[in-house]
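For reference, the structure discussed in these notes is given below.
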């Protein structure tokens, strides 16, 4: 549905040189997919999404949407093509001088009769759950309601693609969730292809089918969400995963010598991570029984992505040295990533 | 009734002796301000919009157009109006046939007002959030659509305020134009109040101007409030 080929875009910087916001990025988004693009601020993700509807014209590369090469279109044809690419923004960008109704009607001004337009706007407001807010001005709406109006407006011309530029970043967690659910619903109901730009891993987890990780203007990792989450290849991807997982807190606990993680001789702190979709065995009970080791769970953070568990556990294992070794190799054989974080006994505990 | 007339005659004898001149002066001021204001509004609005959309990073960047207007506006804004009045005499004569009277005042007033009003419009349009413009572009709006349906509509309140300030400014300029033979309240005050030392004429003129300015300000505030949503 969307094909970006070798897109590059740089901006003049204040020092007189230029900043490469996007470097040679290629990306394919299939029809009906929800593609996440995650990165810290300044990674170039907002520039990249603007290259899809050519709000920013790339310096190099081609952009195809629905098989049409946008980068080759005249201004007039590009405007027509943009009507089929909806976009929503972090700051909603509603017209303050128009009501919710007026905002949604804006893109329909010239394309239909008054009666058809009224019907269409009513249907769109109903779609986003704001049928009773048509007369409200943006200043009278909450953040979540504003974004719903923006979504209705973006969908007015029945686009096949919806671009979301940090669409939930200005919203509280609960509202974020409701907006994400709405996007997912639209994706299913209308077969809408959605590109979600975000710096929040939670957003990717919640709705994306695929995710691209951006750093310094480049896509450093791309794949379906489960694979990327289960087996991150780059440090930055791990950093993002850590932002939503509390497994990384173990390092802080060790650093501050929390009593929770003081080891007796022979004990080890181990991080277990699910990397395959087929983990359904009672692994912890199994190793206790089979190898006669004790596993004390310090943290657990397991979520379900596409029906399979992802995440892991931090445990302290104790028992005989060789038994622990066999237990760990058993876990490895069951496609669990095993990482011994610490095996240094605490002197005070010893 | 006659009591009021007698009272006025005793407080403001010099005005009371020439009511027709006084009222004609007010009418002349209104005509000067009205005509030059309408022309300056149309030109200033056009230039303000043009300078906004053609600026680097605007919706239709045209550096040459932008810099030309920008420099011209700065040029005319730096000329004191009283000098502009004199400097424009040949042009005024050429265009309207005379450099004096209400007719002769219109061109200098337009030149004195347009640059200021252009900046007022530019400031009002700058208040429109760049993100909103971007949203309109993402919906496939043309430049014309963005100007009329976004820029002008969204900044209506700011335009009303800028217009009010400019109109009040224009009344000040029209009084100055009066001094060089354009008629109106300025001429009235100078001719009688200053040159013939009829102080009451000056004071009545001042009060009249205060009243007019307040009326314009009230109308402007009302319009801005109406437009703000």
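Each value in this text was obtained by applying a stated rule to the coordinates, not by laboratory testing. It should be emphasised that the depicted structure is a prediction, and the values quoted were computed from it without experimental measurement. Heads up, the Cβs are rebuilt from the backbone with ideal geometry, glycines too, and the neighbour counts pull from every protein chain shown.
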Calculate how steeply helix A:143-154 sits against the longest principal axis of the alpha-carbon atoms of chain A, using the helix alpha-carbon long axis, and give the answer as 0 to 90 degrees to the nearest 10. 50
Helix B:101-126 versus the longest principal axis of chain B: what is the Cα-based angle in degrees, 0 to 90, to the nearest 10? 40
Going 7 Å from the Cα of residue B:144 toward and past its Cβ, which residues in the range A:102-119 have a backbone nitrogen under 12 Å from where you end up? none
Take every residue in peptide A:66-79, count the Cβ atoms of other chains within 10 Å of its Cβ, and give the average of those counts. 1
Hey, with R₀ at 30 Å, roughly what FRET efficiency would residue A:181 and residue A:248 work out to, going by the Cβ-Cβ distance, to 0.05? 0.60
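Counting alpha carbon pairs within less than 8 Å and at least 6 residues apart, what relative contact order, in whole percent, applies to chain A?
Here the relative contact order equals 17 percent.
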Exposure-ranked with fewest Cβ neighbours within 10 Å first, A:175, B:46, B:4, B:166 stand as B:4, B:46, A:175, B:166
Rounded to the nearest 0.05, what FRET efficiency do residue A:322 and residue A:224 have when you use their Cβ-Cβ distance and R0 = 35 Å? 0.35
Exposure proxy order (Cβ contacts within 10 Å, fewest to most) of B:122, A:131: A:131, B:122
Inter-label distance, nm, simple model (7 Å from Cα along the C-beta direction), residue A:122/residue A:343: 7.3
For residue B:194 and residue A:235, what does the FRET efficiency come to when R0 = 60 Å and r is the distance between their Cβ atoms, rounded to the nearest 0.05? 0.15
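Give me a single rounded figure for A:97-107: the average over its residues of other chain Cβ atoms within 10 Å of their Cβ.
Average per residue, whole number: 3.
Does the range A:249-342 classify as rounded, prolate or oblate by the C-alpha gyration tensor (a ≥ b ≥ c root eigenvalues; a/c under 1.5 gives rounded; else a/b over b/c gives prolate, otherwise oblate)?
Details: a/c = 2.26, a/b = 1.22, b/c = 1.86.
Oblate shape, in that a/c is at least 1.5 and b/c is the bigger or equal ratio.
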For a quick check: sort A:251, A:199 by the number of other beta carbons within 10 angstrom, fewest at the front. A:251, A:199
Residue list for the range A:200-236, given a label point 7 angstrom along the Cα-to-Cβ vector of residue A:23 and an amide N cut-off under 18 Å: A:213-222, A:234-236
Sorted from largest to smallest, which semi-axis lengths in Å does the alpha carbon gyration tensor of the range B:15-227 give for its equivalent ellipsoid, taking the root of 5 times each eigenvalue? 37, 20, 12
MRE, 222 nm, helices only [DSSP H, n ≥ 4, -39500 (n - 2.57), over chain B, to nearest 500]: -24500 deg cm²/dmol
Please give the residues of the range B:110-125, grouped as numeric ranges, whose backbone N is less than 18 Å from a label point set 7 Å along the Cα-to-Cβ vector of residue B:82. B:112-113
Per the helix-only model, chain A has a calculated mean residue ellipticity at 222 nm (DSSP H runs of ≥4, -39500 (n - 2.57) each, divided over all residues, rounded to the nearest 500) of -10000 deg cm²/dmol
Could you tell me how many degrees, from 0 to 90 and to the nearest 10, lie between the Cα long axis of helix A:114-127 and the main elongation axis, the longest principal axis, of the Cα atoms of chain A? 10
